[in-house]
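Visitor: Provided herewith is a single structure, encoded as structure tokens, for subsequent inquiry.
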Amino acid sequence: MRPERLKRPPRLPISRRMTFVDRLMPELASSGRRTRVAGHLAAAAMLAALAGEVALTTAGAASGTVAYAVVMAVGLVSMMTVLVLRAATAATDRRVWIALTLAVGTWMAGTVWESTVGHADGAAIGPADALWLAFYPCAYIAVVLHARTTLHRLARSLRLDGVVGVLAVGAVCWLLVVDPILASARLTHAETAVNTAYVTGDLGVMGLVVGVLGLHGWRAGRGWTMLAAGLAVFATGDSIYLLQLGAGTYVEATPLDVLWAAGLLLIALSAWQPPTVKRPATPTLAVLAPPFAFGLAALGVLVYAGLQRAPAVSVVLAAGATLASMGRTALTIADIRRLAEVRRLATTDDLTGLPNRRHLDRFLRERLEVARLRGTSVALLLIDLDGFKELNDTLGHRAGDLVLQQIGPRLRGVLRAGDELARLGGDEFAVVLSDADDAEPVGRRMRQALEAGLTVDGIDVRIGASIGIALFPEHGDDAETLLQRADVAMYQAKAARSGHAFYERDRDRHSRERLALIGELRDAIGTDQLVLQFQPKLDVETGAIRDVEALVRWLHPERGLLGPGAFVPLAEQTGVMGELTQHVLDAALRQVAEWYAGGLDLTVAVNVSAATLLDEGWASDVASALVRHGVPASRLRIEITEDALMGDAERALRVVEGLVATGIGVSVDDFGTGYSSLGLLKHLPVDELKIDRTFIRDLLSDEADAAIVQSVVDLGGRLGLRTVAEGVEDAETLDRIAEYGVTVAQGFHIARPLPADELERWLAARAVAV
């Protein structure tokens, strides 16, 4: 059996440097290899032939020479090759290039006939003229087909631009070219008819191209520009030729012949330009300049006709161009008025007539720019109506709309002339003040204006408002930031029911700093940036330290040591609380194992979030961690909050039962501040209640707090639960909770949270002191 041959990898295409021909004919670069080679050769020959023709005619050595005949032949063949290649290989618009190839081909055939056979003796016209005249209908068809592929849904003003261009070009050319030919006495009627047909053909095709350019907004792309330039050069050559012929001064093989060659070369090159990008014309001076120039040209013809004799056809064409230009001007004025109305509607709220969010954004940016230059301040007030949804639900949306329509006049009544009021949408409004010092008094006056009551269908309606205030430059230096922070402040005012609130960075859960902290927290978990500190718990009866609580800290490389309040809420919001809890658990058990090996027997408590407690597989994960670190289950305590039990009580109960079954102790943390019921507490297999620090703090001065603490201690005693008092800050509080029968005390009076090594030294020093 023959071994299988390894297949050769396909050859990678060799990168080609962009050549002059590639830049001149961009579409050639995407064609096949043979087409590219043929196109490069034909383009090079075409350019060389044009250069040779320029050199020979300029030197006066062209007439009747073999060199000139060779140059002409190479030029004609190469131009046809370029066009035939395009017509044969074009993926789209093939009919356009076929028609254009036929147009150039018939003209070249006429030239060859004239050069080889010539006119019959005494004949004014011959087959060459018929071939030359066939150029125009073919070119006309090519332009029309090309225009159909690049024009779409044209504006009326652009249509008129095209009409103005066609009529103006016709008027000027008839006056300057056709009329002199017709007036010439050197030509017979047949010659005059043929020559007039040439000029008319040129005018027709050129007028059509000018019209198409106008329809494109005078920015039709490189292909149309080259085609227009080629036809213009070609028509110029025809016009000069006919004028010289009429005057009897035409001589063959002069620089005039170069114009036809150059025009045909531009036409051939236009076929290889990238397709026109379809985009609407932008109303700028560059768009209006060409129709304005054509209008002036037509007006000039009319002025000339008033001073001198002018052909009637030229006058009629010029008058038509002038009328079309006037129509274009009328449309422009109407468009400007319509645009102004559209802009007004785009920046106005339909329901209230107030400026809308778009207008506010622009106004705020302008006001901030002025404030930066002058060094002044700006205040942004974001107003949200309180109870508006209930009003809508009760009285209907029509009543809500009537209320919103009355809000504007009420709020404007307390603002100054330079202040701006806008409706952002729904029941949200915004006010921009030029002086930040006015923010609070203006906010107070606006609330009072709204609280005065509104009338809806004879019903008195009371509407309150929550106002968020953000100041420049104190709270932000751009419009987007101020809007976001005013919105945050508004929700803070609504939550606190304070009526109005200034932005506070510490309470912003969506600040950029917090967002950056979220990304850094994900990277910090599992590294030495997250460290544990341990706070001792005092056995009130014996004075012994047998328990510690593990508290996580973030040793941030830039912000220093951060407490759990700075990042634990972020972990809960972003779904990384499970990873954080597991990291803390592993670190705590690792430390307990080290202590246990060194003869220090301590039980560690770890706080657990609600999301972790609802993971029914977490109890087995904790058991695995105990085995992995070699720590007895009795040396671990899990602290859960009351709120964590309320999300899914049945599932949380199963997780707690799994922990207890392993031998782990479970505490209810912050007891008394949540919403758990005593019935749920009765079924929980916990062995400890931690009384929240808010009840311990004012225990000595507040009889209510003292009564609550005493009640919790009594409840714990009756249920057989230990009680822990958090936040013990002085000896008097410690003595009082001892009188109540609290089992364990925890707080700064006993010890602050300490790193593991400092805790060891603290315990050693305490043992010596005892």
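The values are calculated or read from the model by the stated rules, or taken from the named source; none is laboratory data. Computed from a prediction, not measured in an experiment: that's the story for all the values here. Every residue, glycine among them, receives a Cβ derived from its backbone with ideal geometry; neighbour counts consider all protein chains shown. Areas reflect the complete protein model, heavy atoms only, side chains present, ligands, DNA and RNA absent. Shrake-Rupley method; radii C 1.70, N 1.55, O 1.52, S 1.80 Å.
Visitor: Which of the residues belonging to segment 576-634 are under 18 Å from P753 (Cα atoms) and among the small types (G, A, S)?
Guide: A587, A588, A605
Visitor: Among what's in segment 230-247 and is among the polar types (S, T, N, Q) and open to solvent by 50 Å² or more (accessible area, probe 1.4 Å), pick the residue that is nearest to P180 (Cα to Cα).
Guide: The selected residue is Q244.
Visitor: Restricting to segment 544-566, what's the tally of residues that are under 19 Å from E688 (Cβ atoms) and part of a loop (DSSP other than H, G, I, E, B)?
Guide: So the count comes out to 1.
Visitor: If you don't mind, there's one more thing I want to ask. Of the residues V178, V104, V172, V164, which is open to solvent by less than 30 Å² (accessible area, probe 1.4 Å), modelled with pLDDT of 70 or more and more than 21 Å from M72 (Cβ to Cβ)?
Guide: Checking each option against the conditions leaves just V164.
Visitor: Considering only segment 20-50, state which residues are surrounded by 14 or more Cβ atoms within 10 Å (Cβ to Cβ), free of Cβ contacts under 8 Å to residues at least 60 places away in the same chain and not in a helix (DSSP H, G or I).
Guide: Listed by number, the list holds a single entry, S31.
Visitor: With (1) of a type outside the set (F, W, Y); (2) on the phi > 0 side of the Ramachandran plot; (3) surrounded by 14 or more Cβ atoms within 10 Å (Cβ to Cβ) as the list, and G396 as the residue in question, which single condition is left unmet?
Guide: Evaluating G396 over (1) of a type outside the set (F, W, Y); (2) on the phi > 0 side of the Ramachandran plot; (3) surrounded by 14 or more Cβ atoms within 10 Å (Cβ to Cβ) leaves (3) as the failure.
Visitor: In segment 220-240, what count of residues is obtained for those that are touching a Phe, Trp or Tyr at 6+ places or on another chain (Cβ under 7 Å), more than 13 Å from L100 (Cβ to Cβ) and free of Cβ contacts under 8 Å to residues at least 40 places away in the same chain?
Guide: Number satisfying all stated conditions: 1.
Visitor: Which of the residues belonging to segment 457-497 are in a helix (DSSP H, G or I) and open to solvent by 10 Å² or more (accessible area, probe 1.4 Å)?
Guide: Residues satisfying the conditions are E480, T481, L483, Q484, R485, D487, V488, Y491, Q492, K494, A495, A496.
Visitor: A further question on this structure: Within segment 600-619, which residues are modelled with pLDDT of 90 or more and either of a type in the set (G, A, S) or touching a Cys at 6+ places or on another chain (Cβ under 6 Å) (or both)?
Guide: Result: A605, single match.
Listed here are the residues, each with its yes/no results for (1) among the hydroxyl-bearing types (S, T, Y); (2) crowded, with 21+ Cβ neighbours inside 10 Å; (3) modelled with pLDDT of 85 or more; (4) under 20 Å from L242 (Cα atoms).
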residue	(1), (2), (3), (4)
L76	no, yes, yes, no
A88	no, no, yes, no
A91	no, no, no, no
W113	no, no, no, yes
V117	no, no, no, no
A124	no, no, no, yes
C138	no, no, yes, no
A142	no, yes, no, no
R153	no, no, no, no
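Visitor: Please enumerate the residues belonging to segment 634-672 that are outside any helix (DSSP H, G or I), out of contact with any strand residue (DSSP E or B) (no Cβ under 7 Å at 6 or more places or on another chain) and modelled with pLDDT of 85 or more.
Guide: G663
Visitor: Here's something else I'd like to know. Working carefully through the options T603, T662, T641, T612, find the one that is of a type in the set (V, I, T), over 19 Å from K690 (Cα atoms) and open to solvent by less than 50 Å² (accessible area, probe 1.4 Å).
Guide: Among T603, T662, T641, T612, only T612 is of a type in the set (V, I, T), over 19 Å from K690 (Cα atoms) and open to solvent by less than 50 Å² (accessible area, probe 1.4 Å).
Visitor: Take the conditions acidic (D, E) and farther than 21 Å from R362 by Cβ and apply them to E440. Does it pass?
Guide: yes
Visitor: Regarding segment 695-715, can at least one residue be identified that is polar (S, T, N, Q) and within 23 Å of L659 (Cα to Cα)?
Guide: The answer is no; no qualifying residue exists.
Visitor: Also, quick follow-up: Looking at (1) at pLDDT 80 or above; (2) acidic (D, E); (3) surrounded by fewer than 20 Cβ atoms within 10 Å (Cβ to Cβ), which is the one condition that is false for D506?
Guide: All conditions pass for D506, except number (1).
Visitor: Could you count how many residues in segment 717-770 are open to solvent by 30 Å² or more (accessible area, probe 1.4 Å) and without any contact (Cβ under 8 Å) to a residue 60 or more places away in the chain?
Guide: Looking only at that region, the number is 24.
Visitor: Search segment 543-567 for residues that are over 25 Å from S634 (Cα atoms) and pair each with any residue that is part of a helix (DSSP H, G or I) and open to solvent by less than 40 Å² (accessible area, probe 1.4 Å) when their beta-carbon atoms are under 6 Å apart and the residues are at least 6 apart or on different chains.
Guide: Between residues of segment 543-567 that are over 25 Å from S634 (Cα atoms) and residues that are part of a helix (DSSP H, G or I) and open to solvent by less than 40 Å² (accessible area, probe 1.4 Å), the close pairs are F567/L521.
Visitor: Out of D615, D601, report the one residue that is touching a residue at least 24 places away in the same chain (Cβ under 8 Å), within 19 Å of V666 (Cβ to Cβ) and in a loop (DSSP other than H, G, I, E, B).
Guide: Just a single option satisfies the conditions, and that option is D615.
Visitor: Looking at A297, A305, A371, A318, which one is in contact with a helix residue (DSSP H, G or I) (Cβ under 7 Å, 6 or more places away or on another chain), open to solvent by less than 30 Å² (accessible area, probe 1.4 Å), on the phi < 0 side of the Ramachandran plot and modelled with pLDDT of 80 or more?
Guide: Checking each option against the conditions leaves just A318.
Visitor: Does V631 qualify as being hydrophobic (A, V, I, L, M, F, W, C), at pLDDT 90 or above, crowded, with 20+ Cβ neighbours inside 10 Å and within 44 Å of the chain's Cα centre (by Cα)?
Guide: no
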